[in-house]
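Novice: Below are the structure tokens for one structure; questions will follow.
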Amino acid sequence: MTNLAILPILIPFLAGILLAFTHNRILLTRRLALVFAVIHVAAMGFLLIQVLTEGSIVLETGDWMAPYGIILVLDPLSVLLVSTTSIILLAAVWYAPASVSREQESFYFYSFIFLLVTGVSGAFVTGDLFNLFVFFEVLLMASYALITHGGQKVQLRESIKYVLINLFSSMLFVTAISYIYAVLGTVNMAQLAERAAAAEQPGIITTVAILLFFVFATKGAAFPLYYWLPRSYIVPNPVVSALFGALLTKVGVYSLIRTFTLIFHQQPEIMDQLFIWVGNLTMLFGVIGALASRNIKLIVAYNIIPAIGFMLVGIGIFNHDGLSGSIYYLLQDMIVKAALFLLAGIIAALAGTSDINKMGGMIRSHPLLGWLFFLAGLVLAGVPPFSGFIGKLLLVRGAFEKGETVTVIIMLLTSLLILLSIVRAFIRVFWGEGETGKEQKRKYLRGILPAGFLMLFTVFLGIGAEAVLPTVQHIADYLLNPQAYMELVLKEGR
């Protein structure tokens, strides 16, 4: 049974390799990619049920017991995230033929997508800091290929910025790992937590923690390190934008949640305030960028940033409601951002432009597209009873409990401004008069169905919150008790 923990990595990795051999046979490659994506969803669904009902799964590869070997940990948090990733992967593979040219598809497009998901899933399930770095590099290498896929001049320009900032943060990541290994003598997360708690050098541990915060905040696009994200995320194909927006920044947020709840919580008076104020500034600057933009894709991309701010605030609040809110917000934001990028891609393709000032009247010819975009906007803004509201309500309760009144005001203000940015885009694009262009009906339907598929999940997270919330609250309690993770991973090695 423990060998099942390799499945989140193994399935997309094998798919990526196999699809590289069929890349010139487009129809076969599309069908195989869809089959692998469905298998991945089914396997992750099985693992989700298994972990939630039978308990976490720990795989010690090569029979090397923790903390010596490579450890994969499928606990409730990681299995929930790899399951959500599999749903987004399925929607992306389903949508791809509607927006990717056959020439681009033949250039290993699906292989790179599956390798990207391999890196993302590996980052979610790894149990040690060095392999977290390795899986970061796997997903970044695939993302370097995908961001330049198409070969347009603007893609190459934005990719340079994207590559340089990620190389720099990767260099700092390795430095931080070297430093912490020199101080604590291990990179296994459970043993790091144990030794960090017993260390007599809290100053050095805090210095390493701040360095890792900088690394993960850069990858997560927190203030003031978000400037590279918006334009880098809108230049590739909408499928790639959806995967980037839904997954890449969330790996950074996950890494912050995992390391700062497990290892680096010895000096909360410093780190909690750092999370809260960086979160506050991330929310405000991100939503200002969304309001200032007239590009439909850029509006969606800028709205990634305030969402990161909400999640950071929840980590900084560090109580039951705060962490529950961050996790709930993380889950729903992964799905709704993917849906919004797919919808924005359809809108731009139908209008022939991304400028909302040059669009109008699209609701008459494409009512389903219009109402799905409006619904996604309500979810994003946190309007009740949608899923964004559940996460924000938990965060507000947690902030009040901690006495962070200013943060509550910033969260409420940011939510209103997010709603304003989306409603303004909806009115400009779908209301009034305007030419909508001649659509290609078949391609349009191929695109709208995967986006609608994702919206079903985000609506369920809202109206079905009673079914999901107990699991999320259980994860928050689990994160507040690092001893549970240490006993899970290290018990056989003692």
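Novice: Counting only protein chains, not ligands or nucleic acids, how are PHE109, PHE135 ordered by accessible area (probe 1.4 Å), most first?
Specialist: Values: PHE109 5, PHE135 35 Å².
Order by accessible area, largest first: PHE135, PHE109.
Novice: If you don't mind, another one. Thinking of region 169-298 as a set of Cα atoms, what percent of all their pairs are more than 17 Å apart?
Specialist: Values: 5205 of 8385 pairs.
When all Cα pairs of region 169-298 are counted, 62 percent exceed 17 Å.
Novice: Further question: With the cut-off at 25 Å, tell me which of the pairs LYS161/LYS250; LYS250/LYS297; LYS392/LYS491; LYS161/LYS337; LYS153/LYS358 have Cα atoms farther apart than that. Intermediate values should be presented prior to the final figure.
Specialist: Values: LYS161/LYS250 20 Å; LYS250/LYS297 19 Å; LYS392/LYS491 36 Å; LYS161/LYS337 22 Å; LYS153/LYS358 23 Å.
Too far apart for the 25 Å limit: LYS392/LYS491.
Novice: On average, how much area does the Cα convex hull of region 190-230 cover when viewed from any direction, in nm²?
Specialist: Working: hull surface 13.8 nm².
Convex hull of Cα atoms, orientation-averaged projection: 3.5 nm².
Novice: Next up: Rule-of-thumb check for region 96-163: C-alpha Rg over 2.2 N^0.38 Å?
Specialist: Numbers: Rg = 13.6 Å, N = 68, 2.2 N^0.38 = 10.9 Å.
Cα-based Rg divided by the globular estimate yields 1.24.
Novice: Once ligands and nucleic acids are excluded and a 1.4 Å probe is used, how much of HIS366 is accessible, expressed in Å² to the nearest 10?
Specialist: HIS366 has an accessible surface of roughly 0 Å² with all protein chains in place.
Novice: Further question: So how compact is the chain: Cα radius of gyration and Dmax in angstrom?
Specialist: My reading of the Cα-based Rg and Dmax gives 21.5, 71 Å.
Novice: Throw me the Rg/Rh for region 90-208, computed over C-alpha atoms with Kirkwood Rh, two decimals.
Specialist: On the way: Rg = 18.6 Å, Rh = 16.6 Å.
For region 90-208, the value is 1.12.
Novice: Ignoring ligands and nucleic acids, what accessible area does TYR302 show with a 1.4 Å probe (Å², nearest 10)?
Specialist: So the heavy atoms of TYR302 present about 50 Å² to solvent.
Novice: Using a 1.4 Å probe over the heavy atoms of the protein chains, calculate the carbon and sulfur portion of the accessible area of the chain as a whole percent. Write down the numbers at each step before the final one.
Specialist: Working: 12090 of 18130 Å².
The computed percentage sits at 67.
Novice: Restricted to Cα positions, what overall size does region 21-136 have along the principal axes? Three whole-Å values, descending.
Specialist: Principal-axis extents of the Cα atoms in region 21-136, largest first: 46, 29, 19 Å.
Novice: Can you tell me which of 420-427, 447-454 comes out highest on packing, and rank the rest after it, using the mean Cβ neighbours within 10 Å? List each step's numbers first, then the result.
Specialist: On the way: 420-427: 18.8, 447-454: 21.8.
Top to bottom by mean Cβ count within 10 Å: 447-454, 420-427.
Novice: Moving on. State in Å² the accessible area per residue of region 116-195; use a 1.4 Å probe, count heavy atoms of protein chains only, and round to the nearest integer.
Specialist: Heavy-atom SASA per residue in region 116-195 reads 36 Å².
Novice: Something else: Translational diffusion coefficient, Stokes-Einstein: compute it for region 193-263 using the Kirkwood radius over C-alpha pairs as Rh, at 20 °C and 1.002 mPa s, and state it as an integer in µm² s⁻¹. Please report the intermediate quantities before stating the final value.
Specialist: Details: Rh = 13.6 Å.
Calculated translational D: 157 µm²/s.
Novice: Along the three principal axes, how long is region 298-429 when you take its alpha carbons, biggest first, rounded to the nearest angstrom?
Specialist: Over region 298-429, Cα extents along the principal axes are 48, 23, 22 Å.
Novice: When the C-alpha atoms of region 221-309 are aligned to their principal axes, what extent does each axis show, in angstrom, from largest down?
Specialist: The Cα atoms of region 221-309 stretch 43, 24, 15 Å along their principal axes.
Novice: Next up: Starting with the highest mean, order 167-173, 305-311 by the number of other Cβ atoms within 10 Å, averaged over the residues of each peptide.
Specialist: Numbers: 167-173: 16.1, 305-311: 28.0.
Ranking the peptides 167-173, 305-311 by packing returns 305-311, 167-173.
Novice: OK, next. Once you place label points 7 Å from the Cα toward the Cβ at GLN273 and GLU466, how far apart are they in nm?
Specialist: 4.3 nm
Novice: Using the alpha carbon gyration tensor of region 369-417, what are the three equivalent-ellipsoid semi-axes (square root of 5 times each eigenvalue), largest first, in whole Å?
Specialist: Numbers: eigenvalues 122, 23, 4 Å².
Gyration-tensor ellipsoid for region 369-417: 25, 11, 5 Å.
Novice: For region 340-494, place one equal point scatterer on every Cα, skip the solvent, and apply the Debye formula. What is log10 of I(q)/I(0) at q = 0.12, 0.13 Å⁻¹?
Specialist: -0.67, -0.74
The values are calculated or read from the model by the stated rules, or taken from the named source; none is laboratory data. A quick note: this is a predicted structure, and the numbers were derived from the prediction, not measured. All Cβ positions, glycine included, derive from the backbone under ideal geometry; neighbour counts span all protein chains shown. Calculation scope for accessible area: heavy atoms of the full protein, side chains included, ligands and nucleic acids excluded. Shrake-Rupley method; radii C 1.70, N 1.55, O 1.52, S 1.80 Å.
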